[in-house]
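**Student:** The structure that follows is given in the form of structure tokens.
Computed from the coordinates by the stated procedures, all read-outs in this text should not be read as laboratory data. Quantities reported herein were computed from a predicted structural model and do not represent experimental measurements. Reconstructed Cβ throughout: ideal geometry from the backbone, glycine too, with neighbour counts over all protein chains shown.
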């Protein structure tokens with residue numbers, strides 16, 4: 001992802017525009033897109049600031065609260081797979097995917113590993 005332009009560049013572009021230069025002339029002089037200037041002017045009118053918005057952020061997990069408690073208990077009660085948990089959540093009316101379930105399980109330190117030795121018969 002690219003970084004936003006500096007506030008210094010934004011201020012210089014807006015100052016030139018407000019001094020009477022056209023959008024395209026300012027863009028050519030500062031080697032930026034004409035749409036940047038129009039967007040910065042709109043931002044200044046609406047917010048009074050030229051500072052860029054936050055880039056990225058944190059998305060709250062879907063599997064939290066009461067649902068997370070149920071999922072923890074379900075995982076402790078017996079064997080499970082991510083696909084199976086997704087189906088159980090769907091039966092409860094919760095739309096989710098395997099990745100979201102995996103992220104939850106990984107964060108909680110929950111896993112179910114099959115015991116390979118339990119499936120073998122000793123040939124003695």
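**Student:** Could you state the angle between the C-alpha long axis of helix 34-47 and the longest principal axis of the C-alpha atoms of the chain, as a value from 0 to 90 degrees rounded to the nearest 10?
**Tutor:** Helix 34-47 sits roughly 80 degrees off the main axis of the chain.
**Student:** In whole Å, what are the Cα extents of the chain along the three principal axes, biggest one first?
**Tutor:** 91, 36, 20
**Student:** Would you give the gap between the C-alpha center of segment 54-100 and the C-alpha center of segment 1-52, rounded to a whole Å?
**Tutor:** 44
**Student:** Mind giving me the FRET efficiency for residue 60 and residue 8? R0 is 35 Å, r the Cβ-Cβ distance, nearest 0.05 is fine. Before the final figure, lay out each step's value.
**Tutor:** On the way: r = 35 Å, r/R0 = 0.99.
The computed FRET efficiency comes out at 0.50.
**Student:** How much length, in nm to one decimal, is gained on full extension between residue 19 and residue 68, taken as 0.36 nm per residue of separation minus their Cα-Cα distance?
**Tutor:** Fully extending the segment from residue 19 to residue 68 adds 11.9 nm.
**Student:** Working from Cα positions, state the angle (0 to 90°, nearest 10) between the long axis of helix 66-77 and the longest principal axis of the chain.
**Tutor:** Orientation of helix 66-77: about 30 degrees from the principal axis.
**Student:** At a 10 Å Cβ-Cβ cut-off, how would you order 17, 5, fewest neighbours first? Please list the in-between numbers first.
**Tutor:** Details: 17 19, 5 16.
Lowest to highest Cβ neighbour count: 5, 17.
**Student:** What Kirkwood hydrodynamic radius, in Å, does segment 66-115 give when the mean of 1/r is taken over all pairs of distinct Cα atoms and then inverted?
**Tutor:** Working: mean 1/r = 0.0912 Å⁻¹.
Evaluated on segment 66-115, it is 11.0 Å.
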